[in-house]
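Bear in mind that the values in this text are calculations on the coordinates, not laboratory data. Predicted, not measured: the structure shown is a model, and the values here were computed from it. Cβ coordinates were reconstructed from backbone atoms using ideal geometry, including for glycine residues, and neighbour counts include every protein chain displayed.
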Amino acid sequence: MTILTEAGARAMSGDDAVDFTELVHLTGRRMHRTAYLLTGDPHAAEDLVQAAYATAFRKWRLVSRADDPAAYTLRILTRQFLSERRLRRSTEVVTDRVAEVEDSAGEPTDRLLLLDALARLAPRDRAVLVLRHWEDRSVAETAALLGISEVACRTRTTRALARLRAEMPDLEDLS
């Protein structure tokens with residue numbers, strides 16, 4: 001895994017380094033929250049965000065030319081998550097502990113149950129729900145980020161919500 005260092009940032013041209021640093025500052029909290037919702041583990045989320053930013057840094061010329069560099073970086077993060085799950089390279093052991101989240105909205109017990117239920121979903125199902133409902137992305141944006149058709153995105157969302165509701169019958173309507 002490539003780690004962005006100050007020396008590496010200085011090696012870029014001045015404007016590029018500033019733009020990349022600005023992207024990280026503007027999107028860092030949101031990327032970490034999304035990564036946490038995808039992985040269910042705060043340490044894995046940090047690793048995932050770092051890997052996504054490392055990839056964005058390596059491909060900065062492409063990322064900076066994108067219509068929305070933040071969306072491009074989120075796409076990198078999502079694909080990195082799905083790739084790691086598909087390859088099952090991780091040797092980390094997942095525990096039943098859930099990290100505390102800053103946002104105290106809602107009942108804490110419900111939040112923990114929801115995070116636990118999300119963790120039991122398949123990675124693509126979890127990704128589609130996180131992007132659609134927590135990130136508040138449109139079907140088109142979610143489909144593009146996941147590299148699937150809009151019909152497949154809607155179908156996967158419906159099925160994932162049905163699985164989530166089966167585990168949590170009291171879950172309020174998310175659609």
Tabulate in residue order the Karplus-calculated ³J(HN,Hα) for segment 42-53, using 6.51 cos²θ - 1.76 cosθ + 1.60 with θ = phi - 60°, rounded to whole Hz; enter x for Gly and Pro. x, 6, 5, 5, 4, 4, 5, 5, 4, 5, 5, 5
Net charge near ALA140 (other residues with Cβ under 15 Å of its Cβ; Lys, Arg +1; Asp, Glu -1) is -1
Hey, what do the phi angles of segment 150-164 turn into as Karplus ³J(HN,Hα) couplings, whole Hz, using 6.51/-1.76/1.60 and θ = phi - 60°, x for Gly and Pro? 5, 5, 5, 5, 5, 5, 5, 4, 4, 5, 5, 5, 5, 5, 5
From the phi of every residue in segment 118-127, what ³J(HN,Hα) in whole Hz does the Karplus formula 6.51 cos²θ - 1.76 cosθ + 1.60 yield, where θ is phi - 60° and glycine or proline is x? 4, 5, 7, 6, 4, x, 5, 5, 4, 4
Mind checking the full-extension length gain between ASP67 and ARG111? Use 0.36 nm per residue of separation minus the Cα-Cα distance, one decimal, nm. 12.4 nm
Positive minus negative residues near LEU164 (Lys, Arg vs Asp, Glu; Cβ under 10 Å): +3
